[in-house]
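Novice: Following this message is one structure expressed as structure tokens.
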Amino acid sequence: MTRGVGLREALEAQAAALGFDRLAVAPARPLERWRREAGENPHWAGLTWNPRQLLPGAERVVLLLKGYRPYAPRPGLVSLSAYYPCSQWAYQHSPALARTLEAAGFQALCHPALPYKPCLALAGTAAYGRNGLTALSPWGSRFAVQAVLTDAPLPLDPPQPPAAQPCGQCGACLRACPVGALDGEKVDVSKCLRALAEGQPVPRSLWPLLGNSLLGCDLCQQVCPRGREGEREPMPPELARALDLPSLLAGQVRPLVPWIGANYARKKRIQARACLIAVNLGRTDCLPLLEPLTQDPYPPLHLHARWAIQSLTAREAPEP
């Protein structure tokens, strides 16, 4: 175990040097309790509930945490939750710790297909809230987490009460959710705006609720007293330029990849969402860019483009 202690200290020092805010260690134990609670929730589809099915002999889940501040509002412009750039940053930097474990003679699997929130709870690091998000001090629920699964015998975090202010009965998130996805016990991901099914057109009744957000929703986080809503920061200029609406409609998504990753920055997915933003911002100047998209074979894209043209054209028409 002495070797494990020294290795954990080395990993903590490396994580801090890279820019992570915290490192936690959870046992690589089957997550049966959370699997039962998840039921048939599609949000968990594709995840494994027993870490040793991913890495035989696994002993620990190393959790790497990075907090973030929300971006300042961008009225009239495309916005993006600061979670996505933070998560992408964590994704890019976590493999360095996997390489350190491998250099020490241990197995290490970076980005394992595990449910990370239960792992955080198992480590005693974070507390669940009524909005379905985990929270810990000082960030509330505004943090990203990545993981490395390993057979290294790293010391576990000592038992401790949740570091975040416990979720009370204020009900702010329940009242703020515009689609009623929260009931105080769980999240109905079939309704959640952040979990809208990819590849499906967004119902027209939900368009106004999406506002100018390219990804995410954030409403339940904005009202949560466990968050840090008062501490906002400007969006990085490079990201702001990458979110230019005409460029997104034209399919110029490559500048977004360093910020949100290639999986999120899929051309047609971004274009389809940009069509809705054009409507919500009243961007009639984007009509020429929308017209070619009506012929695209991707259903969300051509349907969103057609509906957007109808809505924006109706705005341009003079009143009788």
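Novice: Can you tell me how segment 240-303 classifies by the Cα gyration tensor, rounded, prolate or oblate, using a/c under 1.5 as the rounded cut?
Specialist: It is oblate, given that a/c is not under 1.5 and a/b is not larger than b/c.
Novice: How do Arg130, Arg36 stack up against each other in accessible area, from largest to smallest, with a 1.4 angstrom probe?
Specialist: Result, largest first: Arg36, Arg130.
Novice: Might you tell me the accessible area per residue for the chain, computed with a 1.4 Å probe and given in Å²?
Specialist: Counting only protein heavy atoms, the per-residue value for the chain is 47 Å².
Novice: Residues in segment 120-160 near a label at Lys191, defined as backbone nitrogen under 16 Å from the 7 Å Cα→Cβ point?
Specialist: 130-133
Novice: With a ≥ b ≥ c the root eigenvalues of the C-alpha gyration tensor of segment 180-252, is it rounded (a/c under 1.5), prolate (a/b larger than b/c) or oblate?
Specialist: Judged from the Cα gyration tensor, segment 180-252 comes out oblate (a/c at least 1.5, b/c at or above a/b).
Novice: Same structure again: On full extension of the chain, what length is gained from Arg36 through Arg175, given 0.36 nm per residue of separation minus the C-alpha to C-alpha distance?
Specialist: Stretched out fully, the Arg36 to Arg175 stretch lengthens by 47.3 nm.
Novice: With a point put 7 Å past each Cα toward its Cβ, work out how far Thr284 is from Gln310 in nm, to one decimal.
Specialist: Going by the 7 Å Cα→Cβ label model, 1.9 nm.
Novice: Still on this structure: Indicate, rounded to the nearest 5 percent, the antiparallel portion of the DSSP beta bridges found entirely in the chain.
Specialist: Taking every DSSP beta bridge within the chain, about 90 percent pair in antiparallel fashion.
Novice: How high is the relative contact order of segment 86-237? Use alpha-carbon pairs under 8 Å, at least six apart in sequence, and give a whole percent.
Specialist: RCO, segment 86-237: 24 percent.
The values are calculated or read from the model by the stated rules, or taken from the named source; none is laboratory data. The model shown is predicted, which means the values in this text are computed figures rather than measured ones. Cβ atoms come from the backbone with ideal geometry, glycine included; neighbour counts cover every protein chain shown. Accessible surface is based on the protein model in full, side chains and every heavy atom, while ligands, DNA and RNA are left aside. Shrake-Rupley method; radii C 1.70, N 1.55, O 1.52, S 1.80 Å.
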